[in-house]
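Working notes, beginning with the structure itself.
The values are calculated or read from the model by the stated rules, or taken from the named source; none is laboratory data. Since we're looking at a predicted model, the values are computed, not measured. Backbone-built Cβ (ideal geometry, glycine too); neighbour counts: all protein chains shown.
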Amino acid sequence: MSFDETKSSSEKYIMNVYNRFNVSIAYGKGATAFDEEGKEYIDFTSGIGVNSLGYSNDGWVNAVTEQLKKVQHTSNLFYQPAQAEFCKNLCEKSGFARVFLGNSGAEANECAIKIARKYSEDKYGESRSNIITLNNSFHGRTITTLSTTGQIVFHQLFKPLTDGFMYVDSGDIEQLKKAADDSVCAIMLETVQGEGGVLPVPADYIAAVAELCKERDILLIFDEVQTGAGRTGKLFSWEHIGVKPDIMTAAKGIGGGLPIGACLCSEKLKDVLQKGQHGSTFGGNPVVCAGADYVLKNIADEAFLKEVTEKGEYINEKVSSMPGVKFVRGVGLLLGVKLADDEARKCAEECAANGLLILTAKTLLRIMPPLNITYAEIDKGLGVLKSVLEKRYAKKA
Ligand SMILES: *Cc1c(COP(=O)(O)O)cnc(C)c1O
């Protein structure tokens, strides 16, 4: 297929729910991607924070293919060595007691919601099912996780959504104290609102939320779907703040490119869900687990995570001084770039045309390259970004 054929077949046969760039990715290596005709792109996206170790990392490919040769799938009614190995490592390295594996971020959050409601129902009866989330959050696309998402635009068109969600403003602890009455079983938040514009939630606010949760026996849930798996320079982003949640969800980057969603819980919650109360046909697939275990072993390493932080600081400093850039925010290799005219989408399209794949988040550019991107690739990508920004903004300055 040529690029034009890929594009026209996609538009004819695939539901058009994605606002796609005029780019097709046929193959790649590291942080460099190519289309069908060999056009090269530096990748500052990792998919959307998924390909933690870049395209077709040798060790990861090997781990996945070796597992494929042994067994590709079996029901969760049987024990599975690859699943057991990964889940042991994930729990030990993250410090949680147990994990449930599904196939996406939304599913991981659904599991977190079920645990929170069940914990509360077991202890207090039915009256305490509400969950508070933050305005401007993003938690997924299922009917329930749309409800969980604190952005009214996502609530239109698909009503009725799932009941039992309330929204408060990030940073306003007094508002939360009023909202967190005895109808509330959990508070869920992202430490950095990724889709919401790479917007960090203040650390002192998160600490105050944790305090309140402890006082009122409300469960604290962190959605680390975007911020987890080394993305921020820690294995999970709560380590920056020193506040460990009762439940943590992860997805995107932990699989290195294969579909996975993980819901982890603390010791006190490990028996809340009992046999038959939750499950997944594909969740915990052995091939996915073998790949995820390889990713985990590579990123749960101090030297590796230190490099993530350093690369993030390097990119931040370079981009901050480019024309048209108001500021750069974010942590590690999860960065948002605020432009003078908020025309991030147009700018990202121009970058793509010139060989750099870069994301947007609301009106910001969003940079989230593979965690092992090389400095040579970073410099090449920054070169494209700079020339695009110079063309757009230098004359006006
Ligand atoms: C992407 C994302 C989700 C949804 O993940 P899916 O795998 O698309 O279901 C949930 N929460 C956060 C914070 C995300 O960034």
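The rows are residues; the columns are (1) surrounded by 24 or more Cβ atoms within 10 Å (Cβ to Cβ); (2) of a type outside the set (Ser, Thr, Tyr).
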residue	(1), (2)
ASP217	no, yes
ASP223	yes, yes
THR227	yes, no
GLY230	yes, yes
PHE236	yes, yes
GLY253	yes, yes
CYS263	yes, yes
ASP271	no, yes
LYS275	no, yes
Practice task
Tell me, please, whether a residue that is within 16 Å of the ligand (Cβ to nearest atom) and outside any helix (DSSP H, G or I) can be found in region 103-116.
Solution key: yes
Exercise for the section: Of the numbered conditions (1) buried (at least 19 other Cβ atoms within 10 Å of the Cβ); (2) closer than 19 Å to TYR314 by Cβ; (3) of a type in the set (A, V, I, L, M, F, W, C), ALA376 fails exactly one; give the number of that condition. Expected result: (1)
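Quick one: would you say GLU126 is among the acidic types (Asp, Glu), more than 23 Å from the chain's Cα centre (by Cα) and at pLDDT below 95?
On the way: among the acidic types (Asp, Glu): yes; more than 23 Å from the chain's Cα centre (by Cα): yes; at pLDDT below 95: yes.
Yes.
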Handout entry: Selection within region 24-64 - closer than 19 Å to LEU359 by Cα and of a type in the set (Val, Ile, Thr)
Key = ILE25, THR32, ILE42, THR45, ILE48, VAL50
Completion exercise
Over region 130-151, the set of residues more than 23 Å from ASP172 (Cβ to Cβ) and not in a helix (DSSP H, G or I) is GLY140, ARG141, THR142
Handout entry: region 117-147, residues that are within 16 Å of the ligand (Cβ to nearest atom) and either closer than 17 Å to GLY228 by Cβ or free of Cβ contacts under 8 Å to residues at least 12 places away in the same chain (or both)
Key = SER137, PHE138, HIS139, GLY140, THR145
Exercise for the section: Give region 136-186 a look and list any residue that's modelled with pLDDT under 95 and of a type in the set (Lys, Arg), or say none. Expected result: LYS159
Practice task
Would you be able to say whether some residue in region 157-165 is within 16 Å of the ligand (Cβ to nearest atom) and within 22 Å of the chain's Cα centre (by Cα)?
Solution key: yes
Problem - Residue within region 50-61 that is within 16 Å of the ligand (Cβ to nearest atom), within 22 Å of GLY261 (Cβ to Cβ) and not hydrophobic (A, V, I, L, M, F, W, C) present - result: yes
Fill in the blank from the handout: Exception for VAL153 within (1) out of contact with any Gly (no Cβ under 9 Å at 6 or more places or on another chain); (2) within 14 Å of the ligand (Cβ to nearest atom) falls at (2)
Practice task
Name every residue in region 379-397 that is crowded, with 22+ Cβ neighbours inside 10 Å and closer than 23 Å to GLY257 by Cβ, in order of residue number.
Solution key: GLY381
Fill in the blank from the handout: A careful count of residues in region 285-306 that are more than 20 Å from THR191 (Cβ to Cβ) and crowded, with 18+ Cβ neighbours inside 10 Å gives 12
Exercise for the section: Could you check, for region 39-51, whether at least one of its residues is within 28 Å of PRO369 (Cβ to Cβ), small (Gly, Ala, Ser) and in contact with an Asp or Glu (Cβ under 9 Å, 6 or more places away or on another chain)? Expected result: no
Completion exercise
A careful count of residues in region 301-316 that are under 20 Å from the mean Cα position of the chain (by Cα) and of a type in the set (Gly, Ala, Ser) gives 1
